[in-house]
Amino acid sequence: MTTKSIMIVGVGGQGSLLASKLLGHLLMGQGYDVKVSEVHGMSQRGGSVVTYVRYGDKVCSPVIDQGQADAIVSFELLEAARWLRFLKPGGQVVTNTQQIEPMPVITGAAQYPEQLAEKMQAAGAKVDAIDCLSLAQEAGNAKAVNLVLLGRLSHYFDFPENVWQEAIEACVPEKFLDVNKKAFELGKNA
Amino acid sequence: MKQLILGNAAVARGLYEAGCCIASSYPGTPSTEITEEAAKFPEIYCEWAPNEKVALETAFGASLAGKRAFCGMKHVGLNVAADPLFTMSYTGVNAGLVIAVADDPAMHSSQNEQDSRHYARAAKLPMLEPSDSAEALAFTKLAYELSERFDTPVLLKMCTRVAHSQSVAELSQRQEAPVRPYAKTPQKYVMAPANAVRRHPVVEQRLLDLSAWAETADVNRVEAGSDKSLGILTSSTSYQYVKEACGDRFPILKLGMVWPLPEKLIRDFAAQAERLIIVEEGDPFLEQYCRGLGLAVQGKGLFPLCGELSQNQIGEKLGLPRHVGSALTEELPARPPVMCAGCPHRGLFYTLSQLKCTVLGDIGCYTLGAMPPLSAMDMTLCMGASISGLHGFNKALGQESQGRTVAVIGDSTFVHSGMTGLANVAYNQSNSTVIILDNSITGMTGHQQNPTTGLSLRGDPAGKIDLEALCKAMGIARVRVVDSYDLSACRSAIEEELAAEEPSVIISRRPCVLLKYVKHQAPLSVEKDQCRGCKACMKIGCPAISFREGKAVVDATQCTGCGVCGQLCKFGAMKEGEA
């Protein structure tokens with residue numbers, strides 16, 4: 001199998017590391033060669049962050065280059081748009097519709113762009129945009145956005161339900177398990 | 001057992017499996033997790049040293065005593081540790097000594113893009129360079145074998161994409177390394193001139209021996225390719241990009257040891273390809289070596305000196321099809337990193353910006369004080385330079401600068417390299433005002449303990465430096481503490497100490513808001529009727545405050561209730577939340 005590439009993007013501090021950990025665990029369990037590349041350090045302080053997840057028979061580069069991603073999973077709308085050039089033509093975007101203003105917008109030096117989901121679609125991407133924050137809150141914890149997104153992402157994989165459930169159980173601490181399983185369900189059925 | 005493992009964790013696993021007993025390091029992205037992960041093995045004593053020089057000397061001492069030792073740092077840390085490094089090359093080791101140094105091409109979290117390979121050549125030490133987690137683990141173990149076999153410290157060079165990428169590695173059991181009894185050997189370990197003169201030829205011979213080893217070592221391997229129109233010499237993560245871009249098309253000489261280099265292996269490889277291409281990030285290190293051999297090569301003529309390489313870049317230069325995506329046509333607002341909501345540094349930097357101070361900064365989260373709207377930083381150079389730089393600035397300008405110029409430095413950075421600068425202020429008497437931003441942790445690298453926190457790397461009770469007593473003992477009579485959440489107290493402290501006719505230290509003390517033990521207050525909210533839309537609260541650059549329909553809005557999910565914004569509102573519109 002040729003290497004598949006998923007980018008997980010968002011704002012530093014939103015918790016994308018759990019999403020990549022869970023995907024890595026799941027893909028390893030399916031017998032793939034896997035590489036996951038993370039960002040630590042300065043960018044984690046509210047900056048734009050990206051995690052690369054790649055899997056296949058034999059993965060070489062740990063990073064995804066422009067035009068290589070099969071899917072972009074985004075915790076925030078502007079970040080999905082920012083990394084769009086990394087998506088393959090016709091690739092899938094799964095994004096939270098939440099908008100977090102970056103500092104240039106807060107200071108008035110720039111404006112938060114409008115209708116980003118529509119613009120991404122016009123640029124040729126398939127866009128699945130859902131309000132993950134509300135669904136996470138409905139599940140019982142605003143921080144469960146990552147599981148809502150993964151639930152949604154599960155539509156685009158052929159893995160059986162129990163594979164996802166097993167990965168969630170392996171990667172999420174026991175006391176948060178119920179909330180996160182619910183968040184996954186809500187995302188999946190949104 | 002196979003495991004998906006972070007590059008840095010794989011190095012830690014390598015330390016464990018190789019029987020390493022002692023690790024002393026200073027945190028620095030992208031190297032930090034090596035020592036943090038090593039600390040999860042009870043068999044390895046792990047500590048955060050005050051700086052990289054101390055860490056390396058500690059590891060050397062442990063090696064001298066006969067136990068396998070380790071020291072980890074980021075690329076700029078090796079500048080600090082360079083002094084012991086160069087002479088350790090002469091003494092050699094007793095038990096194995098491995099030094100990991102992590103470069104940061106593209107400067108994801110660094111102040112420069114220096115290429116650590118030059119240190120291996122300059123200090124005449126072997127350097128291994130893994131390209132993924134499996135190699136990170138294997139090369140760490142190999143490094144101990146080489147260290148003991150060739151009587152040398154061994155450098156293990158990581159980079160961000162190897163350190164911070166997870167890939168699959170095979171784990172095995174720990175093999176205890178027998179303790180090598182210490183025996184007094186002054187001719188080897190006392191590097192006074194008479195002994196050092198005799199050791200230098202030993203170093204030169206060792207390099208020849210290591211070069212001979214490198215000719216046939218498994219870590220330097222030729223991979224066959226069907227198209228001999230060119231051959232590629234590469235190492236590290238660049239090798240992975242080459243494989244991604246070219247697959248098995250061209251022959252590759254993949255180097256696992258980048259110093260010393262195998263001359264014959266490289267010459268033979270070059271002879272069987274029509275054109276030799278060198279793919280390396282950073283400086284033309286391998287390229288210049290090959291040019292020195294008289295080989296015709298292409299390297300930095302094709303690939304950039306600055307930043308990271310990528311598979312697209314390599315493919316394009318080699319005439320292969322590149323992947324193209326479609327971006328939005330409009331320019332999107334950037335999202336630079338920012339001080340967190342509730343960051344204790346914010347109030348202090350706001351005050352410095354209001355007072356229009358010249359601020360000589362340092363290395364840590366507080367470098368973010370340079371970003372708009374605070375824009376309260378004039379210089380950031382290296383660990384500790386704020387204080388020594390301020391001393392020089394004030395010596396140069398005297399009255400003109402000393403009443404409006406300050407140094408800002410974090411608690412960990414102060415102990416790392418700021419204390420010596422303060423000694424210079426006290427000794428050579430400049431009227432300097434130094435602000436220690438004491439957030440009770442090493443913040444930027446992800447919360448490591450340090451000598452001011454009273455806790456060890458593993459979180460156990462440890463010695464604790466009393467910063468006030470230390471500054472006084474160094475000869476600074478004016479030492480005071482402020483709470484950075486209290487804007488008027490910050491202002492009067494800075495104004496008074498700048499006005500004083502002698503050196504002073506202000507300790508701005510409040511723990512990092514992200515520390516687990518720090519209790520957040522209920523989030524503030526805006527009374528819409530009272531908000532006049534004056535944007536005074538926006539001047540502190542808090543990511544939790546935005547502006548909608550002419551009024552300020554507080555994001556309750558981010559606000560920690562620090563109350564700094566409330567002190568700026570003249571109309572009482574910022575309401576404290578109810579717990």
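Details
- Amide H contacts under 5 Å for B:Cys159: B:Asp103, restricted to partners 5 or more places along the chain or on a different chain, H placed in the peptide plane at 1.01 Å from N.
- Within chain B, longest stretch clear of exposed GluC sites (Glu not before Pro) (DSSP loop, no more than 16 other Cβ within 10 Å): B:332-500
- Cα extents of chain B along the three principal axes, largest first (Å): 78, 65, 50
- On Cα atoms only, tilt of B:236-246 relative to the major axis of chain B in degrees: 70
- Close amide-amide hydrogen proximity is noted between B:Ala106 and B:Gly307, B:Glu308, each under 5 Å apart and 5 or more residues distant or on a separate chain (H modeled in the peptide plane; Pro and chain starts excluded).
- Restricting the calculation to alpha carbons of segment B:1-43 gives Rg and Dmax of 10.1, 31 angstrom.
- Phi to ³J(HN,Hα) by Karplus 6.51 cos²θ - 1.76 cosθ + 1.60 over segment A:179-185, Hz, x for Gly, Pro: 4, 6, 5, 5, 4, 4, 4
- Each listed q (0.21 Å⁻¹) maps to a log10 I(q)/I(0) for segment B:432-558, found by the Debye formula over equal Cα scatterers with no solvent: -1.21.
- Computed from Cα atoms alone, the Kirkwood hydrodynamic radius reported for segment B:57-185 is 15.1 Å.
- Over all projection directions, the Cα-based convex hull of segment B:525-575 averages an area of 3.0 nm².
- If you bin all the Cα-Cα distances of segment B:345-509 at 5 Å, starting from zero, the percentages per bin are 2, 10, 20, 24, 22, 14, 6, 2, 0, 0.
- The C-alpha radius of gyration of segment A:61-119, expressed as a fraction of 2.2 N^0.38 Å, stands at 1.23.
- Solution diffusion estimate, µm²/s, Stokes-Einstein, segment B:248-324, Kirkwood Rh from C-alpha pairs, 10 °C, viscosity 1.306 mPa s: 118
- Values of log10 I(q)/I(0) for segment A:4-189 across q = 0.14, 0.19, 0.20 Å⁻¹ run -0.74, -1.39, -1.53, by the Debye formula with one identical scatterer at each alpha carbon and no solvent.
- Helix B:385-397 vs. chain B, principal-axis angle (Cα, 0 to 90°, nearest 10): 60
- Averaging 1/r across all pairs of distinct Cα atoms in segment B:1-118 and inverting the result yields a Kirkwood radius of 14.2 Å.
- Values of log10 I(q)/I(0) for segment B:415-461 across q = 0.31 Å⁻¹ run -1.16, by the Debye formula with one identical scatterer at each alpha carbon and no solvent.
- Calculated translational diffusion coefficient of the protein assembly as shown (4 °C, 1.567 mPa s; Stokes-Einstein with Kirkwood radius over alpha-carbon pairs) equals 47 µm²/s.
- Extended-chain gain in nm, criterion 0.36 nm per residue less alpha-carbon gap, A:Gln111 and A:Gln165: 15.4 nm
- Angle in degrees between helix B:345-354 and the longest Cα principal axis of chain B, rounded to the nearest 10: 60
Since every read-out is calculated from the coordinates, none of them should be taken as a lab result. Note that the structure is predicted; figures quoted are calculated from it, not measured. Neighbour counts run over all protein chains shown; Cβ positions are idealised from the backbone, glycine included.
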